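The values are calculated or read from the model by the stated rules, or taken from the named source; none is laboratory data. What you see is a predicted model, and the numbers here were worked out from it, not measured in a lab. Counting neighbours? That spans all protein chains shown, and the Cβs are built from the backbone with ideal geometry, glycine included. Remember, those area values only see protein heavy atoms, side chains included, never the ligands or the DNA or RNA. Shrake-Rupley method; radii C 1.70, N 1.55, O 1.52, S 1.80 Å.
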Amino acid sequence: AQKREYHWTIRDQEHNPDGIYRPMMLVNNQFPGPLIEVNEGDTVVVHVENEAVNATSIHWHGIYQNGTSHMDGTVGISQCPIGPGQKFTYEFTVSGQSGSYWWHAHQGLQSADGVHGPLIIHGRDEKKLQRLQYDTDRVLLISDHYHDLSSALLWQYLKPDMENTEPVPVGGLINGQSIRDCDDFPERRCDNTTANVRLPRIDLTPNQHHRLRLINVGAFAEFQVQVDEHELAVTEVDGTDVEPLNYHRVNINPAQRYSVVVNTAVEDSETFWLRARMITSCFTDPPKTLQADVHAVVRYNEVDETPTSIDWEERLAAQCNDLNTTDLIPAEVVAAPTKADHFFYLRSNFEIGRYRLSRGFFNGSSFRPQAKSPSLHRVVDGLTAQNETFKAAEDDDVFVNDAAFDISNELVIQTSGVKTIDFLISNFDDGNHPLHLHGYKYFVLAQGHGYPPLTHVGADINRENLSPLYDSLDLSNPLRRDTASVEAFGWILIRLVADNPGAWAFHCHISWHSEAGLLMQLVTRADELAHVQIPQANVDLCAAPGIEKGTGP
Ligand code: C2O
């Protein structure tokens, strides 16, 4: 095992990823941000210096942080933000996991302003486990792109009756690149002749296998990704290796990752389109300037020519939901526990909340980060005070439906010891929600449209009435991932082995939705947390000047 050390400086900067200049926040003047590439067992050390005007923090998406919950980087939950002019060092060991992850700011929507990048963990038997041998390995960050600072867009979105009008991107980027016509944006400062602005290119050697790690680092859009005339064998889902299965197109929601292995036994053409298409039916009123199809050129000859490759014949997906993963089989067999200790029914919706702003809710609770008193600190400061602060629930079959957010504004489920928890989440909103849990992968047991299958119409949602669904589950080796979606007016059933001590966010990864409060917390193995010592550097952040800057409404 090695120590991997990085020095990052975060600054506000003008940048023109697609030609149009916009205010951004960048790490080391780079966009996308720097790659972290480590082996399983390595220790990652990142020294962050905040030279931007707003407070910030960095979250390591999908990393377990076992024993280092205080390094999870989540403002209001595991730390106070790093104030302007302040420094903070993240240090954590990566163990028990490998595959494709990423990092991003977890303060406001700074990720959409540029603070994000890939985090790749090479497993010990990576290639053996992958079953499908590959010759090269590369990252493809796929993202929607906006020309305005996220904070300006957010205020519009949170106005009453705007909940169905998430800000629509102007286009997309692949590895931070794309190229727009300056004439389409006469009111913007634009230069599409600088070296960074171009159609992304992917150079591949023919007659080899290439692993592409697709990571959706965007704020809102779901993409459908394909390489014309090439099958994509999916071999990894959010860090879980799976038996290779061929797809023509792979749907990827924000924060999800898929590795695909491309077989390049091709003859008839020398360049091909890699197409990443936004599923625009998820948007209300997409503007004329929206460039929903993002292209990269896959080249075998390093010659610049426009591909004439042929699109797949079948129709494009119009639905905003996850790739159908029911046929994907994890390479390492892990059975889900046959019974859960707890069952929680969660309802997600949007309505007008405090200050007449449109907010997202889980069971009537909408999250606002308390920049100056993160949950983890409150838990460690005394489990006794906590029942007043948190809306906790530990009983079996509890409906956590009465969180009085006027008092606490926080829905927190807290468990002691190692417990297995089922969550049945019903979505009463017309948008798709990719639900991410920090610190874990969970078992995706079932997903569906409409109302979950119950014993009889109108029955309450509890384990007994869900017995038709429970009886149909295959628990022998379900898919484990950290971000799976509950579709519009649909439901999802997940099972979690809550064995990782910490305070963890569970939220929609559409940045607009999480900023609107569609976030709740899990405090797991709380009994052990009471004995944890939070490092002084983390505690000191809460006394730093300027930490309220850039906190959302
Ligand atoms: Cu990728 Cu709470 O985040």
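Some notes on this structure:
- Residue within segment 477-498 that is open to solvent by less than 30 Å² (accessible area, probe 1.4 Å), in a strand (DSSP E or B) and in contact with a helix residue (DSSP H, G or I) (Cβ under 6 Å, 6 or more places away or on another chain) present: no
- Residue within segment 328-349 that is open to solvent by 70 Å² or more (accessible area, probe 1.4 Å) and not in a loop (DSSP other than H, G, I, E, B) present: yes
- Residues of segment 198-242 satisfying the condition of being farther than 28 Å from ASN39 by Cα, open to solvent by less than 10 Å² (accessible area, probe 1.4 Å) and either among the aliphatic types (A, V, I, L, M) or in a strand (DSSP E or B) (or both): ALA219, ALA221, PHE223, GLN226, VAL227, HIS230
- Of the criteria (1) touching a residue at least 24 places away in the same chain (Cβ under 8 Å); (2) in a loop (DSSP other than H, G, I, E, B), which one ARG315 fails: (1)
- Residue check for ALA537: under 16 Å from SER78 (Cα atoms), of a type in the set (A, V, I, L, M, F, W, C) and open to solvent by 10 Å² or more (accessible area, probe 1.4 Å): yes
- Contacts under 7 angstrom Cβ, first residue in segment 239-265 being among the aromatic types (Phe, Trp, Tyr), partner within 16 Å of the ligand (Cβ to nearest atom) and open to solvent by less than 10 Å² (accessible area, probe 1.4 Å), 6 or more apart: TYR258/LEU214; TYR258/VAL237; TYR258/ILE252
- Pair list, Cβ < 6 Å and 6+ apart or interchain, from segment 37-48 residues that are open to solvent by 10 Å² or more (accessible area, probe 1.4 Å) to residues that are part of a strand (DSSP E or B): GLU37/ILE120; ASN39/HIS122; GLU40/ILE121; THR43/LYS3; THR43/THR93; HIS47/HIS7; HIS47/THR89
- Considering residues of segment 350-370 that are of a type outside the set (Val, Ile, Thr) and in a strand (DSSP E or B) only, the residue farthest from LEU479 (Cα to Cα): SER358
- Which listed residue, of GLY67, GLY85, GLY33, is on the phi > 0 side of the Ramachandran plot, outside any strand (DSSP E or B) and at pLDDT 95 or above: GLY85
- Filtering segment 116-144 to residues that are within 12 Å of GLN97 (Cα to Cα), at pLDDT 90 or above and open to solvent by 10 Å² or more (accessible area, probe 1.4 Å) leaves HIS122, GLY123.
- If you filter segment 11-36 down to residues that are acidic (Asp, Glu) and open to solvent by 50 Å² or more (accessible area, probe 1.4 Å), you find that the one that is nearest to VAL94 (Cα to Cα) is ASP12.
- Segment 481-500 - residue that is small (Gly, Ala, Ser) and within 16 Å of the ligand (Cβ to nearest atom) and, of those, nearest to LEU245 (Cα to Cα): ALA484
- Residue match in segment 301-311 (condition: open to solvent by 40 Å² or more (accessible area, probe 1.4 Å), touching a residue at least 12 places away in the same chain (Cβ under 8 Å) and under 16 Å from PHE223 (Cβ atoms)): yes
- When GLN97 is tested against (1) within 16 Å of the ligand (Cβ to nearest atom); (2) part of a loop (DSSP other than H, G, I, E, B); (3) farther than 30 Å from GLU243 by Cα, only condition (3) is not met.
- THR271 vs. criteria in contact with a Ser or Thr (Cβ under 8 Å, 6 or more places away or on another chain), at pLDDT below 95 and among the polar types (S, T, N, Q): yes
- Within segment 519-533, considering residues that are out of contact with any helix residue (DSSP H, G or I) (no Cβ under 6 Å at 6 or more places or on another chain) and in a loop (DSSP other than H, G, I, E, B), the one nearest to the ligand (Cβ to nearest atom): ARG525
- Meets criteria (out of contact with any Cys (no Cβ under 9 Å at 6 or more places or on another chain), without any contact (Cβ under 8 Å) to a residue 40 or more places away in the chain, crowded, with 24+ Cβ neighbours inside 10 Å and over 13 Å from TYR6 (Cβ atoms)) for GLY73: yes
The rows are residues; the columns are (1) touching a Lys or Arg at 6+ places or on another chain (Cβ under 8 Å); (2) of a type in the set (A, V, I, L, M, F, W, C); (3) within 16 Å of the ligand (Cβ to nearest atom).
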{"site": "LEU469", "(1), (2), (3)": "no, yes, no"}
{"site": "LEU479", "(1), (2), (3)": "no, yes, no"}
{"site": "GLY502", "(1), (2), (3)": "yes, no, yes"}
{"site": "HIS507", "(1), (2), (3)": "no, no, yes"}
{"site": "GLY517", "(1), (2), (3)": "yes, no, yes"}
{"site": "ALA537", "(1), (2), (3)": "no, yes, no"}
{"site": "LEU541", "(1), (2), (3)": "no, yes, no"}
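- Within segment 44-60, tally of residues that are part of a loop (DSSP other than H, G, I, E, B), more than 12 Å from the ligand (Cβ to nearest atom) and not acidic (Asp, Glu): 4
- Answer residue from segment 247-257, given it is part of a strand (DSSP E or B) and away from the ligand (no atom under 16 Å from the Cβ) and is farthest from HIS61 (Cα to Cα) among those: TYR247
- Some residue of segment 61-72 being in contact with a His (Cβ under 6 Å, 6 or more places away or on another chain) and more than 16 Å from the ligand (Cβ to nearest atom): no
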